[in-house]
Every structure is written in structure tokens, then in C-alpha cells.
Amino acid sequence: MSVTKYRTIKDVPREEFLVPGTPLCAGCGALLVMRLFHKALGGDVVWVNAAGCITLMATFPYTPLRSSWFYTAMPSAPAGAQGIRDALDILIKKGKLDPSENLKVVVITGDGAASDIGLQSTSGAIHRGLDFFYLCVDNEAYGNTGFQASSSSPIGSGTATTKPTPLYPMGNVLPKKDLFEIWRSHKPPYVATISPSHVVDALRKVEKALNFKGPKLFLALCPCPTGWGMEPSESVKLARLAVEAGIWPLKEAVYGEVTHTYIPLKRRPVEDYLKAQRRFAHLFKPVKNEGIIAEIQRQVDEYWSKVER
Amino acid sequence: MVLKMLTGSQAVAWAARLARVDYIPAYPITPQTEIIEILSEWVRKGEMEAIFVQMESEHSLFTAAGTAAATGARVFTATSSQGLLYGFEMLYSIAGWRAPLVLVNVARAVAAPITLEPDHNDVLAARDSGFLQFHAENVQEALDLVLFAYRVAEDHRVLLPAIVNIDGFHLSFTRERVELPEQSFVDEFLPEYNPVNPIRASEPVAKGIPVLIPPLYSFFKYQMHMASRNALNVFREAAKDFEKLFSRTYAPVEEYMVEDADTVIVMSNSFASAGKQAVSALREEGHKVGLLKIRLFRPFPTDDIIKSLRGKKCVVVIDQNISVGKGGIMCPEIAEALYHLEDRPRVILPVIAGLGGKSISLEEFRYAVRVAERLASLKAGPDGPLLLFREDEAILVESLLKTASGG
Ligand SMILES: Cc1ncc(C[n+]2csc(CCOP(=O)(O)OP(=O)(O)O)c2C)c(N)n1
Ligand code: SF4
């Protein structure tokens, strides 16, 4: 597995499976990740989707996809994947379907679906060892309904339901759920985090995951210009900042064994990342909330202090 | 053809086996459990070549069932009561995907208060979802209607999912003599499922995608409506083939002593057997009564109902369900079917009975018929549904309360 097709950015496959023309916002990080993910997976794919921004990627009778798409429901895309996988398997086994018609089954959901309403079905599918890919496009809130807080929203962030007020000056007071650890605790063959800023890292991870049968789970940080409050042109820059500040660790776990695939040698201060987005503006204006910024920095430092080099 | 003593649960499991289903996603709930236990065992013994998978909830189970059917597998599953309601979101989706799976609902009243006994609030809540609905009176019918359900659901003029309703305990755990159809005959009645636009590598499809232009939504819903209406004729065609193969037949409705009756009781499901007994008894007493059993509830067999009920003096609709604050769910449908007839019945009496498995006595049937006939003679109408509750039952409630309070 040490030999990889992907050495530099020039190795990104040219073939497009997601062609231009979708109603999603310009600069949507989720779309960037999906396009990249698809290039690594190849064309024989069925995407199984839960309600979220990505759902609106295709609207009848148009689709930008050159692969198959199945919108299921917000709580149960992994169960939808189960039905498709099992149906393909049994039809092939019974000789009713030519094996050349087989497909890779890929769930794609937002963080709200992944960490809240869909956690039950996600856990079920991992537990049963379902042979599928799961790509969670994490924009850290319920994007499609107007950027309300999800349990994946970071502490200190302002969302449509965690607006900073004199009573709650820091915005969101709850910590971000650690979905990586929740998934890892199920001991699937493969779990990874990826970022649209680290393209080769992401491609290699998908390439590696292709070697495993069973659940292969990917958490992608997906900057959201509309919700985060930044320019569409800055999505990749913001994603890179998150990685360089140590806020979004790039890592993988094979059967539960964690490895960091990129360790920022000198981490950027979290402040650089926070300052660049409107959703954290209340931490700086009208007065700088040193305490909360320091707490966010402390949590990041604590995380990395436990990472072995 | 083999004769066997089977419970309703065993019978529908046999139907799934004879239908050669490919996929059985499941989640346990009383009184449905026997069905999935039997099927899981047959799969584990290799007696059925299917995948059985126990899901983590009904919501997930319905999703998996729907996507598998859309992928081209013949899918069977079963649930009951709160299970059906927990997965409710997916019923509309499955119908919208035009995924023709078959779901047996083992009827059980819905909490609160919690009970295990049947009525039809669970299954009738699914009335508007796009699922076809078949209601079985006895164990033989339960088995046969599952075969019918596949035949009708998978027909390309229909392509809608189906629910077959069997009453919990009264059918699920009651053993009756059943004619078990021969496999070769079932194969003839039920050709292989031939899915439309399934998901394949060579031909990418998009399913369940949003329609953001309002007329498109109506367009799809109207198509589903027409497809469901087609199911009436497809059912009749199927009944002819079924009769040739098995020498018994089914119609969307069943008449019992209706022809010369003045008053007709309308019912569905297993309690219709008690209704038929009551009709026989009342006939002996000189009452000209009959019973009309609704077997196919969606699509609604309006023409058959008109044929049976036009010109009658009174119709007594016994709803084993309650839309709280209104009355029965079936009665307004019967009334609407008859309203425009010149010779419509003088009285359509809505009756609520048998909730949560409460028995309906001969005396209650007699009482309801009497009330209807009296209203007819007075040229009056009912002021609200008749809620049947017997004196002995009231006494029972009182004594239980007394015991509990230490009195
Ligand atoms: C059962 C159910 N509840 C609520 C909704 C409404 N809903 C649609 S999209 C959405 C937000 C999805 O957020 P997330 O999963 O984070 O994905 P994103 O939109 O951010 O990509 C919600 C709450 C729904 N479709 N279904
Ligand atoms: S709201 Fe955010 S996540 Fe949703 S489409 Fe727009 S940029 Fe993408």
C-alpha cells in the first residue's frame, strides 16, 4: 500500500464526474470535496444522500452528476446504502445481475445528519460492517436550513440559533462532537479526516480505503462561504488555515489505530483562523474576548500535546 | 396443493417464501415478531435464498427496503403499530420512488395508552402515503393477499408499494387450516420482478431528487394517483389468473348476504368474521341485513361499493379506528362514494367499535342496526358517531379502578 498513484497535485485525475452547473453557493467546500472524492473513486458509484445542502446539487430534471444518485431521507442515508448494497449483492449472487453492473455505494451527508439525526443509522451500518463509503461534508452547522447550530458546530461560533447575546457572549457554548472518535470506537476498517486544501492527502486516503471491505468513513472539513462569512474565493485558504492552526487534524485510523498524516510543525495561532470568518466576529468586536480565544487555543494545544511525533 | 394448520404469521412468511423474495430487512415489534423469526430461520438454514438483515429501527428498515426494491430486489418486510408510525416519513418516500415492495402490517393499536391488541389506526394512518392497502380477514386470505400484493405492486401499470394488513393476535397467532399453494403455480402467478430504471453501473440514474418547480410536484403525485387507480383493474386481472390456478378468488370487496338486504354493515379485517356471524343471527331473527367487507382500501373500490350499496335503506359503517374529534376514518369515504346517487341509502351510520381489540358482541351489532333503522324511519341523521361500549365493560372498568384504589 506504500505505492501510490498520487504524488503531487498534478496526479489529480482529469476525468470529471461532477460537471459545472449546480444551484449550490459559489465556493462551497462541500462541492469541492465531493468532486475530488469522486475522481478518486472513479465512475461506478451510487451516491446515497441525506437532506442537506448537497441534496440541491441536482434538481429535476437536471443533474451535474455522471454517476447515480439516490436521495433518501435525513435520518437514514446509511440504511439506504444498506438496501442498495444488499440488493446488488443478492441479485449478483442469484445471477439476476451481471457483476459488471456492480457499484460502489457512497453515503454523502452534512454534519447535522451525520452527528445528530442520522447517528443511529450510521452506527447501525458501521456495526453491521456494511461495505460502503461515507463522506461527511462538515460545514459545522445545518447549512441548508440557514446555518443553525448542529452538534458539530465549534464552541464560540455564531450560528442562526447560537447568536451572541449579552447572556451568551461567546455564541455556541457546546463543544463539537468528536465524530471521528465515535466512528473509530466502532472499529471499522478505515476512518479518515480530509480537507479540500490537502488534495494529495485526500486522494491517497481514498486510494487506501479502496483496499478495505466494510465501512470506510471520511470526515471532510468543508468551508461554507455563506455560513462562515467569507469570500467564496477563500474556501481553500480557510481550510488550509484550519489544518495549519491544528484545528482540523489530518489523520486516519485503520481498524482503530490512529495515524496523523500531516503534523503542522509550527502551528498557526487559532486566532488567525477565527479572525478570518464572520461567524467568530463577536469574539473580536466590540471587545476582544481573550478568555474564549485562549480556551480554544488551549483545547487545540492539549490535543496536539497527546499526538506522538 | 398442501393443507396445513398455520398461524397468520406463518402464512405470510410462507407467502414471502413462495414469492421467492430476495431481501428481508427487519426490526422486531410485537405482534409481528413471529414472521421475522421464521424468515430469518429459513434464510439461515438455506431454505430461502435471500438476505435477511436486522436493522436498527423501522425508519432505517423502510429506507433499506425501499432502496433495495428500487435497485431491483423483491423485498418483503413486516411491522406493526408504533413501528409503522416510526418509519412513517419513509412510506411517502418509498411510494414516491415507485418501489413496489410488500409490507405486512400486523395491526396493533397505537400508544398511548400502550396495548398489544389490534385496531386500525396504525395502518389507516398510512392511507394517504401512496401504498396500496389490502386487508385480510382470515389466515388463508393473509397468505393469498401477499401474493396478490406483489403481483399488483410490481405491474408496470402500477409500480407502487403495498401493505397487507393482518390483525394482531386475531390473525397473527390464530391457527387455521390453509391451502398452501404449490411453488410452480405461484411462479406462474408471479413472474420475476422486472424493475424500471434500476441503479446500474452502465446506466446512471437519479432518484428522489428535489423538484423546485411546483407543477412538477403535482405532476409526480398525479402520476402516482393514476397508477394507484390502475391497480383496481390489475387486481381484477390477477384474480382471474389466481382463480384458474388455485380455484378460489378475491374481489376488491366481498358481499355477505347483501343482495336482498335493507341494511348493510360495512367492515374490514378479521372482525368482519364476527360481523358475518351477527348477520346470520340477525337474519334468523328476521332482519334483512348483510355485510360488505372492504378488502382493497387503497385504491378505494368506489364502483364496487356503489354496486353493493345503492338502493339500500341503511348502511352501518363499523370503523375499528378513531380520528379523534371526528369519528371513523372509513365512514366518510363510504359516504362520499354514495352521496351523488339518486338512490343513495337513507342513513349512513358511523360506528366506532373494537378499539384496542375490544370484542364486538351480537347485541352491539343488533343495536347499531336498530339505531340506523330508527333514524331511517324518523328521516333523521346521526348526530356524531356511535361509540360502542357495553355495560359489562363499564362495570369491569369500575371494578378494576376500585381494586387498584384498595376499595
Ligand atoms: C426529518 C427531517 N427533519 C428536518 C429536515 C430539515 N432539513 C433539511 S436539510 C437540513 C440541514 C442539513 O444540515 P447538515 O446535515 O449539516 O447538511 P448541510 O445542509 O450543512 O450540508 C435540515 C435540518 C429534514 N429534511 N428531515
Ligand atoms: S450554504 Fe454553505 S454548505 Fe451550503 S451550499 Fe452554500 S456554501 Fe455550500
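Remarks
- Of all the criteria given as (1) more than 17 Å from A:Ser115 (Cα to Cα); (2) surrounded by fewer than 18 Cβ atoms within 10 Å (Cβ to Cβ); (3) of a type in the set (Asp, Glu), the one not satisfied by A:Asp201 is (2).
- Of all the criteria given as (1) farther than 28 Å from A:Cys25 by Cα; (2) within 16 Å of ligand 2 (Cβ to nearest atom), the one not satisfied by A:Leu135 is (1).
- Some residue of the stretch A:1-13 being more than 16 Å from ligand 1 (Cβ to nearest atom) and in contact with a Pro (Cβ under 8 Å, 6 or more places away or on another chain): no
- Odd one out for A:Leu31 among (1) touching a residue at least 24 places away in the same chain (Cβ under 8 Å); (2) within 12 Å of chain B (Cβ to nearest Cβ): (2)
- Every pair of residues 6+ apart whose Cβ atoms lie under 7 Å, when the first sits in the stretch B:96-120 and is at positive phi while the second is in a loop (DSSP other than H, G, I, E, B) and open to solvent by 10 Å² or more (accessible area, probe 1.4 Å): B:Arg98/B:Leu159
Residues are listed down the side, and each one gets a yes or a no for (1) more than 14 Å from chain A (Cβ to nearest Cβ); (2) at positive phi; (3) surrounded by fewer than 22 Cβ atoms within 10 Å (Cβ to Cβ); (4) in a strand (DSSP E or B):
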| site | (1), (2), (3), (4) |
| --- | --- |
| B:Val146 | yes, no, no, no |
| B:Asn165 | yes, no, no, yes |
| B:Phe185 | yes, no, yes, no |
| B:Asn194 | no, no, yes, no |
| B:Asn197 | no, yes, yes, no |
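- Residue match in the stretch B:53-74 (condition: small (Gly, Ala, Ser) and more than 10 Å from chain A (Cβ to nearest Cβ)): no
- Qualifying residue in the stretch A:218-229 (condition: more than 14 Å from chain B (Cβ to nearest Cβ), more than 16 Å from ligand 1 (Cβ to nearest atom) and open to solvent by 10 Å² or more (accessible area, probe 1.4 Å)): no
For every residue, the table says whether it meets (1) among the small types (Gly, Ala, Ser); (2) open to solvent by 10 Å² or more (accessible area, probe 1.4 Å); (3) closer than 26 Å to A:Gly42 by Cα.
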site	(1), (2), (3)
A:Thr145	no, yes, no
A:Ile155	no, yes, no
A:Trp183	no, no, yes
A:Leu210	no, yes, yes
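- Taken together, the criteria exclude A:Thr8 from residues that are within 16 Å of ligand 2 (Cβ to nearest atom), more than 12 Å from chain B (Cβ to nearest Cβ) and either crowded, with 24+ Cβ neighbours inside 10 Å or over 21 Å from B:Val205 (Cβ atoms) (or both).
- Of all residue pairs spaced 6 or more apart or on separate chains, none has beta-carbon atoms under 9 Å together with a first member in the stretch A:98-111 that is without any contact (Cβ under 8 Å) to a residue 12 or more places away in the chain and more than 13 Å from chain B (Cβ to nearest Cβ) and a second member that is open to solvent by less than 20 Å² (accessible area, probe 1.4 Å) and assigned to a helix (DSSP H, G or I).
- Filter result for A:Ser150 (more than 11 Å from chain B (Cβ to nearest Cβ), touching a residue at least 12 places away in the same chain (Cβ under 8 Å) and either in a loop (DSSP other than H, G, I, E, B) or more than 9 Å from ligand 1 (Cβ to nearest atom) (or both)): yes
- Of all residues making up the stretch A:47-88, the number that are free of Cβ contacts under 8 Å to residues at least 40 places away in the same chain, more than 7 Å from every other protein chain (Cβ to nearest Cβ) and surrounded by fewer than 24 Cβ atoms within 10 Å (Cβ to Cβ): 1
- Pairs where the first residue, in the stretch B:313-342, is without any contact (Cβ under 8 Å) to a residue 24 or more places away in the chain and the second is part of a loop (DSSP other than H, G, I, E, B) and open to solvent by 10 Å² or more (accessible area, probe 1.4 Å), C-beta under 6 Å, 6+ apart: B:Ser323/B:Ile329
- Every test in (1) hydrophobic (A, V, I, L, M, F, W, C); (2) touching a strand residue (DSSP E or B) at 6+ places or on another chain (Cβ under 6 Å); (3) without any contact (Cβ under 8 Å) to a residue 12 or more places away in the chain is passed by B:Leu400 save one, and that test is (2).
- Of all residues in the stretch A:92-131 being open to solvent by 40 Å² or more (accessible area, probe 1.4 Å) and in contact with a Leu (Cβ under 9 Å, 6 or more places away or on another chain), the one that is nearest to ligand 1 (Cβ to nearest atom): A:Leu119
- Output for the stretch A:259-309, where each listed residue is open to solvent by 60 Å² or more (accessible area, probe 1.4 Å), under 22 Å from the mean Cα position of the chain (by Cα) and of a type in the set (Val, Ile, Thr): A:Thr259
- Selection status of B:Tyr92, within 10 Å of chain A (Cβ to nearest Cβ), of a type in the set (Ser, Thr, Tyr), within 27 Å of B:Phe185 (Cα to Cα) and free of Cβ contacts under 8 Å to residues at least 60 places away in the same chain: no
- Residues (assigned to a loop (DSSP other than H, G, I, E, B) and within 13 Å of ligand 1 (Cβ to nearest atom)) located in the stretch A:24-34: A:Leu24, A:Cys25, A:Cys28
- In a residue-by-residue description of the stretch A:242-251, the property of being within 16 Å of ligand 1 (Cβ to nearest atom) and either within 16 Å of the chain's Cα centre (by Cα) or within 14 Å of chain B (Cβ to nearest Cβ) (or both) applies to no position.
- Residue-level analysis places A:Phe132 among those that are more than 10 Å from chain B (Cβ to nearest Cβ), touching a strand residue (DSSP E or B) at 6+ places or on another chain (Cβ under 7 Å) and of a type in the set (Phe, Trp, Tyr).
- Positions within the stretch B:339-360 being within 17 Å of B:Lys379 (Cβ to Cβ) and open to solvent by less than 30 Å² (accessible area, probe 1.4 Å), in sequence order: B:Pro345, B:Val347, B:Leu349
- In the stretch A:11-27 there is at least one residue that is within 16 Å of ligand 2 (Cβ to nearest atom), surrounded by 14 or more Cβ atoms within 10 Å (Cβ to Cβ), more than 15 Å from A:Asn139 (Cα to Cα) and within 14 Å of chain B (Cβ to nearest Cβ).
- Candidate set: the stretch A:35-64, residues that are over 18 Å from A:Met74 (Cα atoms) and aliphatic (A, V, I, L, M); chosen: the one nearest to ligand 1 (Cβ to nearest atom): A:Leu36
The values are calculated or read from the model by the stated rules, or taken from the named source; none is laboratory data. Since this is a predicted model, take the numbers as computed values, not measurements. Quick reminder, even Gly has a Cβ in these numbers, built from the backbone with ideal geometry, and neighbours come from all protein chains shown. For accessibility, only protein heavy atoms count, side chains too; no ligands or nucleic acids. Shrake-Rupley method; radii C 1.70, N 1.55, O 1.52, S 1.80 Å.
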